[in-house]
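Here's the structure we're looking at; comments come further down.
Only the coordinates and a few stated rules stand behind these numbers; no lab work does. In this text, all values refer to a predicted model and were calculated from it rather than measured experimentally. Note that we place each Cβ from the backbone using ideal geometry, even for glycine, and neighbour counts take in every protein chain shown.
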């Protein structure tokens, strides 16, 4: 015999019942811990790329796959797993994800080959896909309407700054131990995040039980995987190679099939019709290109600090603190700015600042030093803070309360697809121009010459071992590195600028947020 209240709870009582005894602060603490774990794991390993290149004899292409296996798996599975969380409970899936993440992290810390490391990074990405959707959707479902914007803004700030937090943690770890310590620490944080979620967060779900879209899950995963595969392998085997062309073809075909099936499905994984909503579409594109630029930059920019400027991993992480210092307050102030001058203006200015920062960084030289790098960081940080907050808010605000699981999953998917494509694109452009800019390595033993061609980190290492030829080899490697860095930054700056001018913000974004009906 069940208990039936004599009257429905007031809105304030309902909020308390939804949030739990820990209150909104407890929910934020738990969800942001898990969020930072996921985001930090994208960036933290970038500090260890020079060590991985030498310790595991990893080429630039292998390093790109090590970085991107995680983000590809996360991007491919975040939508279907987000839908599963809406059905069985977001906290349930999130906690399961922390366990998968911890297992993958421990295994990754024990490997001795690039192939195994790539595989376990993919397992970590699946765990991250189980964690990520529940962080934002729990906040939006549990917070009262009058505090939801603030919760989303805090979430956005930690999503942007989480990368720097991960870099700092990795810098401290690498100062004392090897790259393996990054994975062991990640496993510990995953278990702590899962425990906090159990203790502090409610287990929210969509009360309407909808069938899972299995076709949508597979086609979206294949579309993302095929695209990233084609981009990464293109620089290694040639853009007209049969397998590269096949990768792009499969990606396009899967995306078209997803759209066709989505229009016919009464409960699609992500309804293609949602892209008819101006705010939803503009927000998705803004988040996509922002994360493409940021995480692609981390992949190549951190190697600039370590290989060209000679910074230690910790010094390299500290050198990126200015972007976090700018991003957090900018994200917090952006909601007020959007209400004052309009969403369209904030999106446009944010993307333009991000493109300008990337373009300014493309002028770096081997002897530029830190301050030109710092200037580009500040400009980019302002753009990241504005685009992250307004992009997330407009996606969430475009959908009704019962659609917040979809909004969260879409926000997460665009972030991770952007990260995966950004790492693949900038890594591919960098690798291609690095190789083409190297001079003929006459006089070097074949094994040494191959190492120089495989990665800049290996090239710098070889330069210290070949005696009188060392200075010339080091100068050639650094010059080729700068060529790859410059071309990759210009490529992503152009993409961000095109998003402003052609599709993302200025032409199609709404001026104000219209509450959904």
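Could you check the spin-label model distance between residue 215 and residue 241? Points 7 Å from the Cα along Cα→Cβ, value in nm. Going from the residue 215 label point to the residue 241 one covers 3.4 nm.
Size descriptors for segment 217-334: radius of gyration and Dmax over Cα atoms are 19.3, 56 Å. Report the calculated FRET efficiency for residue 199 and residue 332 (r = Cβ-Cβ distance, R0 = 30 Å), to the nearest 0.05. It comes to 0.65.
For a modelled paramagnetic label at residue 312, 7 Å from Cα along Cα-to-Cβ, the residues of segment 148-181 in reach, with backbone nitrogen under 12 Å, are 171-177.
Fewest-first ordering of 86, 146, 213, 206 by other beta carbons within 10 Å of each residue's beta carbon gives 146, 206, 213, 86.
For the pair residue 472 and residue 146, a Förster radius of 60 Å applied to the C-beta separation gives a FRET efficiency near 0.35, rounded to the nearest 0.05. Between residue 321 and residue 494, full extension at 0.36 nm per residue minus the direct alpha carbon distance yields a gain of 59.7 nm.
Residues 60, 440, arranged from fewest to most other Cβ atoms within 10 angstrom of their Cβ, appear as 440, 60. If the segment from residue 266 to residue 365 were pulled out straight at 0.36 nm per residue, it would be longer than the present Cα-Cα gap by 30.2 nm. Between helix 278-303 and the chain there is an angle of about 30 degrees, using the helix long axis and the longest principal axis of the Cα atoms. Against the chain, whose longest principal axis is taken from its Cα atoms, helix 214-237 shows a tilt of about 20°.
Counting every Cα pair in segment 266-363, what percent are over 15 Å apart? It works out to 73 percent of all Cα pairs.
If the Kirkwood radius is taken over C-alpha pairs of segment 401-501, then at 4 °C and 1.567 mPa s the Stokes-Einstein diffusion coefficient equals 82 µm²/s. Helical content of the chain, expressed as a calculated mean residue ellipticity at 222 nm, amounts to -26500 deg cm²/dmol (DSSP H runs of 4 or more residues, -39,500 (n - 2.57) each, divided by residue number, nearest 500).
Put simply, segment 213-268 fits an ellipsoid with semi-axes of 27, 9, 6 Å; these come from the alpha carbon gyration tensor as the roots of five times its eigenvalues, largest first.
Sorting 115, 315 from the fewest to the most surrounding beta carbons within 10 angstrom yields 115, 315. Restricting the calculation to alpha carbons of the chain gives Rg and Dmax of 22.7, 89 angstrom. Between residue 340 and residue 436, the contour length at 0.36 nm per residue exceeds the alpha carbon distance by 29.6 nm. The angle separating the long axis of helix 114-142 from the principal Cα axis of greatest extent in the chain is about 30 degrees.
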